[in-house]
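The structure under discussion appears below in the form of structure tokens.
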Amino acid sequence: MASTSVSRVLPASPQQVWDLIGGFHALPDWLPYIPESTMLDGGLVRRLVTPDGGVIVERLLAFSDAERHYSYAILESPFPATGYVSTLRVHPIPGREDAAEVLWSGCFTPAGASDDEVVDLFTTIYRDGLEALHDTLANRTL
């Protein structure tokens, strides 16, 4: 099994960040490459559509509003990986009320590609996603 994680300090309080990203179906609010999220199975599954029409189906595994994190598994995707589980978590930064750190991590088994290729793929997705989140929050606070 392979894994990767990316973190980013963001220009908003932990609660402001969580208010934006904490909903399991909130990806279209901050992630440009996921413009559509449809709730299935009472909200425990999300069907995501990419700008080019690709479909990703994910199931919520764990959620804590108090601890500001959720974990999910990919059920269907075009990615060369199986057994994918990821967590999105918001951390406070001691002594800073105007900033938060977001950690996006995942573990998976590469399938049809090397470990390095799949790690690089998800690292890029996480990095670009957190960059988009940073830009969304920076534009909101102007």
On Cα atoms only, tilt of 115-140 relative to the major axis of the chain in degrees
30
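Using a simple charge model, +1 on the beta-carbon of Lys and Arg, -1 on the beta-carbon of Asp and Glu, nothing else, what dipole does the chain show about its Cα centre, in debye to the nearest 20?
Details: 9 positive and 19 negative charges, 53 e Å.
It works out to roughly 260 debye.
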Using only DSSP helix segments of four residues or longer, with each worth -39500 (n - 2.57), what per-residue ellipticity at 222 nm results for the chain after dividing by its residue count and rounding to 500?
-8500 deg cm²/dmol
Simple spin-label estimate for ALA113 and PHE63 in nanometres, 7 Å along Cα-Cβ
2.9
Report the Cα centroid-to-centroid distance between the range 115-130 and the range 26-91 in angstrom, as an integer.
15
What residues have an amide H closer than 5 Å to that of ALA81, excluding those fewer than 5 places away on the same chain, when H is modeled at 1.01 Å from N in the peptide plane?
ALA111
Leading residue at positive end of dipole, the range 40-142 (Cβ point charges), from GLY112, LEU40, VAL90
LEU40
Relative contact order [Cα under 8 Å, 6+ residues apart], the chain, whole percent:
30
For the chain: accessible area per residue (Å², 1.4 Å)
50
Got a number for carbon plus sulfur as a percent of the chain's accessible area, 1.4 Å probe?
52
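The values are calculated or read from the model by the stated rules, or taken from the named source; none is laboratory data. This is a predicted model, so every value here is computed, not measured. With ideal geometry, Cβ positions are generated from the backbone for all residues, glycine too; neighbour counts draw on all protein chains shown. Ligands, DNA and RNA are excluded from the accessible area calculation, which covers all protein heavy atoms including side chains. Shrake-Rupley method; radii C 1.70, N 1.55, O 1.52, S 1.80 Å.
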